[in-house]
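Heads up: the structure comes next, in structure tokens.
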Amino acid sequence: MNRTGYFTHPACRRHEMGAGHPECPERLDAIEDRLLAGGVMDALERREAPLASTSDIELAHDRLHVAAMRGLADQVAEDAEAGLMPYAQIDPDTAMNRHSWSAVLHASGAVLAAVDAVMAGEMENAFCAVRPPGHHACRGRAMGFCIFNNVAVGAAYALRRHGLKRVAIVDFDVHHGNGTEDIFAGDERVLMVGFFQHPFYPYSGTPSPASNMVNLPVPAYTRGPAIRELVDTVWLPRLEEFKPEMIFISAGFDAHREDDLGQLGLVEADYQWMTMKLKEVAARHAQGRIVSSLEGGYNLDALGRSVEAHVRVLADL
Ligand SMILES: [Zn+2]
């Protein structure tokens, strides 16, 4: 059996938020095409993501938020049926269509199934090719293309249902993972390390609100070497000290220099290097356990190449 899982579901492709929206279904096609063309897919254990239960979603989200999203989903389904508005707008950037409810449950379900598979020793690590992304979704609020926080749901599930005592969340998206921070700030069972362009959407994360949040704001046009130095001098020592039993990655690829949604200057080799470093930490403390889940990344070509670089390291290719 292959040691790296690839979790996805067709429903994640059917969620869309209107023509021209950068968080589009074609993102998943770009990833799949690239992994197939490069022969990487053959080396992965491909699994269909199950639906998450709402009780698992509620490990990281308020019951009211989950109910509100379900209500919106019902409304948009009725409206679409009646030939009315095909979208329910949540904020200027974020909407649901009639497939979104299924997409969000499969997106979180992918991370949960990946946690189960990795904990059972069926695989060492996994990548979840899912949308909508999650890291802006707060405990009680959807925003920034995100409805439920897939990685936070997975981390809470690993703590609660698998009895882990320490999990790390690494966020290398160009945007601050404010939702994950909202859910876990002050929870000492979780260490979150991230860098993000600042000042920039969502204008949060600095100063760090709690000692378990290692936030590294960086100015626009910061490039790979400077990021690697921060990873080496700040992330890695904190991770080593924390000794996580599992590492989650909020894997956004919009810090790539070809991505117009951010202004950082990473390239594929930087994602490859960061993944290698995280694998080393996971090997030392977490029996290799890594669950990585797609967040941003909007230049389709750069996204495909960056995910390939990331997954190749996960799969030792
Ligand atoms: Zn982003």
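The values are calculated or read from the model by the stated rules, or taken from the named source; none is laboratory data. Please read all numbers here as calculations on a predicted model, not as lab measurements. Here Cβ is always computed from backbone atoms with ideal geometry, including for glycine, and neighbour counts include all displayed protein chains. Surface accessibility is based on the protein's heavy atoms, side chains included, excluding ligands, DNA and RNA. Shrake-Rupley method; radii C 1.70, N 1.55, O 1.52, S 1.80 Å.
Data overview
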{"read-out": "Among (1) open to solvent by less than 10 Å² (accessible area, probe 1.4 Å); (2) not in a helix (DSSP H, G or I), the one test that Asp260 misses", "value": "(1)"}
{"read-out": "Criterion violated by Leu84 - all others in (1) assigned to a loop (DSSP other than H, G, I, E, B); (2) at pLDDT 95 or above satisfied", "value": "(2)"}
{"read-out": "Pair list, Cβ < 6 Å and 6+ apart or interchain, from the stretch 272-290 residues that are at positive phi to residues that are part of a helix (DSSP H, G or I) and open to solvent by less than 10 Å² (accessible area, probe 1.4 Å)", "value": "Gly288/Ala282"}
{"read-out": "Any hit, the stretch 124-137, residues being part of a strand (DSSP E or B), among the small types (Gly, Ala, Ser), under 25 Å from Glu245 (Cβ atoms) and modelled with pLDDT of 95 or more", "value": "yes"}
{"read-out": "Residue in the stretch 265-276 that is open to solvent by less than 10 Å² (accessible area, probe 1.4 Å), within 16 Å of the ligand (Cβ to nearest atom), part of a loop (DSSP other than H, G, I, E, B) and not hydrophobic (A, V, I, L, M, F, W, C) present", "value": "no"}
{"read-out": "The listed residue being open to solvent by less than 10 Å² (accessible area, probe 1.4 Å), outside any helix (DSSP H, G or I), within 16 Å of the ligand (Cβ to nearest atom) and at pLDDT 95 or above, out of Ser306, Ser293", "value": "Ser293"}
{"read-out": "In the stretch 199-254, the residues that are within 16 Å of the ligand (Cβ to nearest atom) and in a helix (DSSP H, G or I)", "value": "Ile227"}
{"read-out": "Residues that are of a type in the set (S, T, N, Q) and open to solvent by 50 Å² or more (accessible area, probe 1.4 Å), drawn from the stretch 59-112", "value": "Gln75, Gln89"}
{"read-out": "Of residues in the stretch 125-148 being under 19 Å from Tyr6 (Cα atoms) and touching a Gly at 6+ places or on another chain (Cβ under 8 Å), the one nearest to the ligand (Cβ to nearest atom)", "value": "Pro133"}
{"read-out": "The stretch 165-185, subset in a loop (DSSP other than H, G, I, E, B) and farther than 19 Å from Glu58 by Cβ, residue farthest from the ligand (Cβ to nearest atom)", "value": "Lys165"}
{"read-out": "Check on Val104, of a type in the set (A, V, I, L, M) and either over 20 Å from Tyr298 (Cα atoms) or within 16 Å of the ligand (Cβ to nearest atom) (or both)", "value": "no"}
